[in-house]
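Here the structure comes first, spelled out in structure tokens, and everything after it is commentary.
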Amino acid sequence: MVELNIKKEKPMRFRCCAGFWHALAGALMVLVGIFLWFNPAISILALALYLGFALIVIGAGYITSSLEADNGWWTFVGVLDVLVGIILVTNMGVTAATLPIIFGIWCLAVGAAQLVTSYKFGRQNLPWGWSMALGVLGVVFGFIIIEHPLVGTIAISTLLGLYLVAYGLFEIGEYWYFKKLENSVMS
């Protein structure tokens, strides 16, 4: 007869992915989001720097994709994104004052490129409706922002604040969900 020596181990502690720091980060995101709603100038400065770096990376991606797909409009959007990104990063004072106008021109250019792309999609019997709708929306939004830069400033800071509040609430909710899950596993 073979004797098995089974060793009892302490039960493993259930460790989940959303700890206290998620809840804290979520609360801070909510506070920063609300702060940005009431301080558009600060949100414009911070966004200018972030958006500048993001546009440089996005523009490089468009340029790379345009070379693979032989799409001149993507090259145009990519070069525009890189140039606008460099302007945003290197001229912070000017950027804060002109970001709504730059954003409006960018919306116009990307909207126009989206309209041309939707036309190309239609000629190739590909789905084109959403592309055209986004293009029209971009052009209209661009004209509104250029005509009323304050609308652009308020829209940018409101959307950024809304995103941060939503993200923060999600983080807090995730913390409580996983805390509840951890308690049910441990019981």
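Structural remarks
- Loop sites by DSSP among the trypsin sites (Lys or Arg not before Pro) of the chain, restricted to those with at most 11 other Cβ atoms within 10 angstrom, leave 16-187 as the longest stretch without any of them.
- Value at 222 nm in deg cm²/dmol, rounded to 500, when DSSP H runs of n ≥ 4 in the chain each add -39,500 (n - 2.57): -30000 deg cm²/dmol
- Whole-Hz couplings from phi, Karplus 6.51/-1.76/1.60, listed for the range 93-104; x for Gly and Pro: x, 5, 4, 4, 6, 9, 3, x, 5, 4, 4, x
- Peptides ranked, highest mean first, by Cβ atoms within 10 Å: ranges 62-74, 41-53: 41-53, 62-74
- In Hz, Karplus ³J(HN,Hα) per residue of the range 71-86 (6.51, -1.76, 1.60; θ = phi - 60°; x = Gly, Pro): 10, x, 5, 5, 4, 4, 5, x, 5, 4, 4, 5, 4, 5, x, 5
- For the chain, the Kirkwood estimate of the hydrodynamic radius, built from every pair of different alpha carbons, is 19.8 Å.
- Per-pair calculated FRET efficiency, R0 = 41 Å: Ala25 and Leu83 via Cβ, rounded to 0.05: 0.75
- Cα-based shape type of the range 67-145, given that a ≥ b ≥ c are square roots of the gyration tensor eigenvalues and the cut on a/c is 1.5: oblate
- Coupling constants for the range 129-141 follow from the phi torsions by the Karplus curve (6.51 cos²θ - 1.76 cosθ + 1.60, θ = phi - 60°), and in residue order they are x, 5, 4, 5, 4, 5, x, 4, 4, x, 5, 4, 4 Hz; glycine and proline get x.
- Using the Cβ of Asn71 as centre and a radius below 15 Å, the other residues enclosed give a net charge of -1, where K and R count +1 and D and E count -1.
- Cα shape, the range 93-187, gyration tensor, a/c 1.5 rule: oblate
Every number here is computed from the coordinates shown, using simple stated rules; none is lab data. These numbers come from a predicted model, not from an experiment. Neighbour counts are summed over all protein chains in view; Cβ atoms, including those assigned to glycine, are modelled from backbone coordinates with ideal geometry.
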